[in-house]
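Trainee: Quick one: this structure, given as structure tokens, is what I'll be asking you about.
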Amino acid sequence: MPSKIRKIVVQVDEIRSEMGRAIDPPARKALAMAVIDNPYAGRYSDNLDELVAIGEELGALLGRRCVQALGIQPGQAHSYGKAAIVGEAGELEHAAAILHPKLGAPLRQAVEKGAALVPSAKKQGGLGTAIDVPLGHKDAAFVRSHFDAMEARVADAPRAGEIVVAVVVTDSGRPSARVGGLQVHEIKGEDGLR
């Protein structure tokens, strides 16, 4: 069953200067959010298959929207992350059903490869609730320069029977990263760690 999307929000955060130093090229993050109806709002169900299918649909849609917003080819994506905010008539497990079983595979396809786990967050809240979408390098978890987050928020969502689903994709790491760890040019991308 396809999702019932009330709205989609896409934005790009572009950092051009940090501590008085030019960032060239700019460090960019794209956020794509879908506000959807929660088919299980107000009722308990052992089976959450509708939300699992919606997660697969949104992984592809939101991942592509992020790549398009950055104006890059899928293979040029660096980091990714996902998050969901469930309205008060839902439960945290509804966010888990969207985010975990099937959202990752189409998101990885949208950014090419994606050997590393997709960092995630979930919470319950009302209109205007914000969530930090955690980020990590798509191919190697030990790349510290890409440990980051981006705040996601929709002013009029989630309503009680809605879920806000967010995906973030970047074309770089943090600006002026310098705390060590595996460097991008050292990534093997085989096990999702290094």
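No lab work stands behind these numbers, since they all come straight from the coordinates. Computed from a predicted model, the values in this text were never measured in an experiment. Cβ atoms come from the backbone with ideal geometry, glycine included; neighbour counts cover every protein chain shown.
Trainee: Determine the distance separating the Cα centre of region 168-194 from the Cα centre of region 75-139; give it in Å without decimals.
Mentor: Rounded to whole Å, the Cα centres lie 19 Å apart.
Trainee: To continue, here is another question. I'd like the orientation of helix 49-70 relative to the chain: the angle between its Cα long axis and the longest Cα principal axis, in ° from 0 to 90, rounded to 10.
Mentor: 40
Trainee: Moving on to the next point. If you count, for each residue, the other Cβ atoms within 10 Å and average over each peptide, how do 77-83, 103-109 line up from highest to lowest? Provide the component values of the computation, followed by the final result.
Mentor: Details: 77-83: 26.9, 103-109: 20.6.
Highest mean packing first, the order is 77-83, 103-109.
Trainee: Please list the non-local residues whose amide H lies under 5 Å from the amide H of Ala141, H modeled 1.01 Å from N, same-chain partners needing a gap of 5 or more.
Mentor: Long-range HN contacts for Ala141: Leu193, Arg194.
Trainee: Could I have the simple spin-label model distance between Gln68 and His185, label points 7 Å from Cα toward Cβ, reported in nm to one decimal?
Mentor: 3.5
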